1. Using the per-residue mean of other Cβ atoms lying within 10 Å as a proxy for protection, in what order, highest first, do the peptides 114-122, 128-136 fall?
2. Listed highest first by mean packing, meaning other Cβ atoms within 10 Å per residue, what order do 78-91, 138-151, 14-27 come in?
3. If each residue of separation counts as 0.36 nm, what is the full-extension length gain between Arg27 and Glu103 once their alpha-carbon separation is subtracted?
Amino acid sequence: MRCVKALTRNSPPALLRGLVYAPTGSRMVPSYTVKTKSGGKRYRYYADLKYVRYGTSAETYGSINADQLEGIVVQQVLQALQSPASIQAVWDAVKAATKELDESHVVLAMRNLGAVWASLFPEEQRRIVNLMIRRVQITEDAIEIQWHTPGWQSLVGEFQPNTIGAELAELAESA
């Protein structure tokens with residue numbers, strides 16, 4: 001027997017909720033299936049909203065495995081946090097917006113975030129992903145991430161003095 005349920009507010013957070021779009025342009029929503037034959041194991045996925053509401057048609061995409069999609073996106077986020085080009089772009093934007101941070105502070109903040117990513121609460125990871133990413137577009141042969149530049153600036157702003165992010169940076173500097 002197969003049971004399909006939409007995720008609710010009380011469900012575990014879906015990292016990419018509201019960010020994923022099918023090749024058809026339709027938004028994809030988090031869902032899951034519980035298979036009773038495998039001991040009630042939960043299989044998470046993102047499904048085309050039109051597919052969820054109306055079923056299969058020529059205009060729907062279907063679904064994609066949530067763990068695989070989220071893994072690919074997180075890998076790209078972590079690479080971007082370490083990428084010299086990303087760091088430079090963020091530093092240029094921060095420098096234009098504020099004089100309160102220096103370059104080493106921005107670089108350390110981005111690298112530290114990458115280092116502590118796995119230990120963050122799922123809801124905090126989701127918040128950060130929503131700051132950094134505007135859209136995850138599924139195409140027929142790729143996954144395209146559209147970055148949200150103002151969100152990156154906001155994220156680095158959280159590392160200003162007297163913030164939790166600043167405390168993380170100070171811990172890394174003292175280690």
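What follows draws every value from the coordinates through simple rules; no lab data is involved. Everything numeric here is computed off the predicted structure, so don't read it as measured data. A quick note on method: Cβ atoms are made from the backbone with ideal geometry, for glycine too, and the neighbour counts reach across all protein chains shown.
1. Details: 114-122: 11.8, 128-136: 18.6.
Descending mean neighbour count gives 128-136, 114-122.
2. 14-27, 78-91, 138-151
3. On the way: separation 76, 0.36 × 76 = 27.36 nm, distance 3.76 nm.
Contour length minus Cα-Cα distance gives 23.6 nm.
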